[in-house]
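I have placed the structure first, in the form of structure tokens, so that the comments after it can refer back to it.
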Amino acid sequence: MSKKKILILIDWFYPGFKAGGPIQSCVNMVKALKDDYDIFVMTTDTDHGENRPYEGIPTNQWIINAEFGTQLYYAKRKQLSFTEVSEQIKKIQPDFLYLNQLFSAKFVLYPLLLKLFNIISCKVILNPRGTLYQSALSHKKYKKIPFLFFFRLSRINKKILFHATNKREKVAVETNFPNSTVLIADNLPNFQQDSFQSIPKSPGILKCIFVARIVAIKNLLFALKALEKINAQITFNLIGPKEDEEYWNRCEQKIKELNDNIVVNYLGALSNHEINRHVHESHLFILPTLGE
């Protein structure tokens with residue numbers, strides 16, 4: 001008996017890492033489900049915020065990835081069209097079409113149009129990935145209002161299933177799109193990671209780490225302000241792409257104002273493997289995000 005097919009559409013996937021959690025969540029899902037389903041992933045050939053494509057990866061063709069046990073399609077980002085998305089969905093003929101993040105023109109809007117006009121018959125599952133929280137909707141409204149208008153006018157929410165990762169996200173979906181079908185399932189963890197090893201802790205010395213995109217919703221500035229009144233010796237390592245330069249400038253100014261006992265290191269955007277090493281070398285993980 002042949003396995004059912006899952007086609008995952010996501011703007012950024014492995015070996016990309018600058019889009020943060022959604023990439024790792026989808027990687028973990030692929031690894032967990034690959035023995036029970038035939039899984040296909042369609043993504044783009046460029047990491048988040050980058051202009052140069054990944055090196056050594058063929059584009060616009062399905063390739064087998066032995067590590068994940070699945071087939072991947074890296075579309076040329078700048079040339080990706082409605083026709084190409086439509087053709088690949090029809091070629092795979094999935095039983096389930098899994099969409100990530102609400103405000104993706106090519107990997108959410110395009111397939112939803114196909115579903116709306118009954119061009120595809122597969123079950124469509126949409127994971128908003130926090131994009132419907134009020135804190136997220138308050139940023140870049142000019143881009144998000146047209147999407148929300150389309151959703152409500154077309155009533156496409158009646159034809160799809162929403163995947164929420166917690167009760168709060170379920171409420172956010174139902175608030176924006178009443179009478180939607182929403183199922184809750186937490187993100188799958190990485191079952192293949194090394195065991196966590198704690199490091200020695202001396203009184204008055206603390207090593208902290210922040211891992212996220214540098215944007216207002218991740219609330220890094222709040223964490224920096226919280227350090228102002230601390231007298232202990234603090235090392236605070238920041239990892240993540242500077243997605244919002246204006247916000248980073250405010251954070252950088254606050255870093256300069258901190259006392260000498262607070263050492264802040266910006267390490268840039270790192271791969272998941274590199275992040276794990278820095279996490280293992282830290283005492284405290286700080287992420288005061290407004291989205292969770």
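The values are calculated or read from the model by the stated rules, or taken from the named source; none is laboratory data. Only a predicted model underlies this, so the values are computations on that prediction, with no experimental measurement involved. Please note: Cβ atoms are built from the backbone with ideal geometry, for glycine as well, and neighbour counts cover all protein chains shown. For the accessible areas, the whole protein counts, side chains as well, though only heavy atoms, and no ligand, DNA or RNA atoms are used. Shrake-Rupley method; radii C 1.70, N 1.55, O 1.52, S 1.80 Å.
List of remarks:
- Being surrounded by 12 or more Cβ atoms within 10 Å (Cβ to Cβ), out of contact with any Pro (no Cβ under 9 Å at 6 or more places or on another chain) and either modelled with pLDDT under 95 or farther than 29 Å from TYR14 by Cβ (or both) is true of ASN276.
- Members of the range 4-38 found to be in a strand (DSSP E or B), open to solvent by 10 Å² or more (accessible area, probe 1.4 Å) and in contact with a helix residue (DSSP H, G or I) (Cβ under 8 Å, 6 or more places away or on another chain), listed by number: LYS5, ILE6
- Total residues in the range 65-106 satisfying the condition of being in a helix (DSSP H, G or I), at pLDDT below 95 and among the aliphatic types (A, V, I, L, M): the figure is 1.
- Test result for LEU132, out of contact with any strand residue (DSSP E or B) (no Cβ under 8 Å at 6 or more places or on another chain) and open to solvent by less than 20 Å² (accessible area, probe 1.4 Å): yes
- Once the range 197-247 is narrowed to residues that are aromatic (Phe, Trp, Tyr) and farther than 19 Å from HIS278 by Cβ, the residue that is nearest to the chain's Cα centre (by Cα) is TYR247.
- Evaluating TYR247 against the criteria (1) open to solvent by less than 60 Å² (accessible area, probe 1.4 Å); (2) of a type outside the set (Lys, Arg); (3) touching a residue at least 40 places away in the same chain (Cβ under 8 Å); (4) under 30 Å from LEU132 (Cα atoms) leaves one unmet condition, (3).
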